[in-house]
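The values are calculated or read from the model by the stated rules, or taken from the named source; none is laboratory data. Keep in mind that what you see is a predicted model, and the values were worked out from it rather than measured. A quick note on method: Cβ atoms are made from the backbone with ideal geometry, for glycine too, and the neighbour counts reach across all protein chains shown. Keep in mind that these areas ignore ligands, DNA and RNA; they rest on the heavy atoms of the full protein, side chains included. Shrake-Rupley method; radii C 1.70, N 1.55, O 1.52, S 1.80 Å.
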Amino acid sequence: MLGLTAPAACGIGGGGFSIVFDASEKKLFVLDYREQAPAGYNMATFRSKQPGAAIGVPGEIAGLAELHRRWGKKTFAEDMAPAVRAAESGFSVTRHLAKMLALKPDLFLKTPYGSVFAPQGSLAKERDRVTNHALGATLQRVGAEGPKAFYEGRIAAELVEVAAAAGSPLSASDLKAYRPISREPLRAKWEGFEVVTMPPPSAGGLLLLETLGIFSKSELAAMGHNSAGYIHMLAEAMRGAIADRMRTVGDPAFTPDKTSELLSPERLKARRARIGSERTHAPPRFELIEHGTSHLVVTDAKGNAVAMTTTVNSFFGSNVRAPQSGVLLNDELADFTEPELAALFGGAPGPNQPRAGARPTSSMTPTIVFRDGLPVLALGGSGGMRIPVNVTQVLLCRLVFGKTLEQCLAAPRFLTPPTGPILSFNTDQLPSSAVQLDLMERGEQVKWLSHEDVSAVHLVAIERTGASVRMQAAGDPRKGGVGLVR
Ligand code: DON
């Protein structure tokens, strides 16, 4: 449903990660259904400017089918039915989608995709009703026949054809061979909580757990929420984690997973000693262009919880769409790191080098926080490299300062771009000018970002008193997020 109604962010041509807590079994389960580089992919593909060069083998359907196989209560077809109905009878264009459509008019006005979002020849606007019959028919077929109908046969053949025309080496055997991977979560005990988050190929969980491991709750509380000292110290811890990511994190099938070493208490103690309130560190410069992604959190009164981040990477992924099946293909392989950039962090080609069969390093940080064995907070977000930085700030806002979910989402959140000692704030979430000046005195370069350029965080909080359970949910309104409790 999210892929149908938020195609700029995610969809069955993309992939994602889910963390699931099964309350009856008291078991945690992490599923990686991220896109994978085709067997014919290489450095030349990475460097190619062709529109399909960054298309990875989509993992979304394989991932959803695996989640369904383990926990589905209805048939796969019944689970697909609401999205099939919405595709056929129409759904309303959200404010966020209308904005995204206007950013890519050529994709909708000059291609067969126009029939979906520009049915009368002009771009759909907020609240317009649109249909997507091609995607509806694909969802129906995959619902009825299972993931094989997506990864083999007619749908797969069309994906290979449109990908090839756009310069991608994606082949029928890449699609047929795709499998989601179950992984062990990254977890850490912190101040009476247990924080469970995404391991490699995500680097998001590493940033979150490094930051928690560096500071105690009382140290953070004493600094005061969003004081200049607090922002600066968190940013410094995160810069260290970004450098660790660039040096060590890649697809664990190719790059040894060093997270437990990196998270060792002795190492983090040494890190803490290097961070000072009056100086800043600059991670070497590098850029990543990322704009898609959505996050979904679901919990229930029994204590089951799912934190799922799903993406096609950039807005509308690669912009390559298969007209018959309605599948819009991702550009996730843009998440590989260029050797030149890896060299700035001390070693090319680096752990996240472009290579066949690898899943590129991600920043997606689906996270569940437990107290006494039961979930108390589940969250995640969008925004590429900004995801873990934002998820960590919202998590601390809640766990250290006890603010409401809405207050935590509305509070200024900084980004630490790995381009220098920079702190960027959205113009609609600026700290006071006194805090900005104080940050500059510590050596931070304070920058303002247009408020379009957001990292949206969505979260659910669960409070238990005796047998009573109180749930709260909130989504970042700037990206059309909503919280629903019923
Ligand atoms: O996996 C990642 O970290 C990115 N490909 C996600 C892209 C993203 O979040 C863009 N967001 N607005």
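Checking the table K49/K104; K74/K148; K125/K148; K73/K125 against a 25 Å threshold on Cα-Cα, which pairs fail?
In this structure, K125/K148; K73/K125 exceed 25 Å between Cα atoms.
How would the range 141-211 be classified by its alpha-carbon gyration tensor: rounded, prolate or oblate, with rounded meaning a/c under 1.5 and the a/b versus b/c comparison settling the rest?
Note, shape of the range 141-211 comes out prolate.
Tell me, what is the FRET efficiency for S173 and F254 to the nearest 0.05, using R0 = 22 angstrom and their Cβ-Cβ distance as r?
Taking R0 as 22 Å, the efficiency between S173 and F254 is 0.65.
Within the accessible area of the chain, what % is carbon and sulfur when the probe is 1.4 Å and the other protein chains stay in place?
Solvent-exposed carbon and sulfur of the chain make up 54 percent of the total.
With label points built 7 Å along Cα→Cβ from the Cα atoms of A165 and A273, find their separation and express it in nm.
6.2
Would you please give the FRET efficiency between V298 and H133, computed as 1/(1 + (r/R0)^6) with r the Cβ-Cβ distance and R0 = 30 Å, to the nearest 0.05?
The pair V298/H133 has a calculated efficiency of 0.60.
Leaving out ligands and nucleic acids, and using a 1.4 Å probe, what accessible area per residue does the range 46-120 come to in Å²?
Accessible area per residue: 51 Å².
Based on alpha-carbon centroids, what's the gap between the range 345-387 and the range 108-148 in Å, whole number please?
Distance between centres, Cα-based: 30 Å.
Filter the cross-link list K27/K189; K110/K176; K27/K403 down to pairs whose alpha-carbon distance in this structure exceeds 23 Å.
Among K27/K189; K110/K176; K27/K403, the Cα-Cα distance tops 23 Å for K110/K176; K27/K403.
Please state the shape class of the range 90-245: rounded when a/c is under 1.5, otherwise prolate if a/b exceeds b/c and oblate if not, all from the C-alpha gyration tensor.
Prolate.
Going through the range 1-106, which GluC sites (Glu not before Pro) have at most 12 other Cβ atoms within 10 Å and a DSSP loop state?
Qualifying residues, ordered by number: E25.
If you filter the range 269-368 for chymotrypsin sites (Phe, Trp or Tyr not before Pro), then keep DSSP loop positions with at most 16 other Cβ within 10 Å, what is left?
The qualifying sites: there are none.
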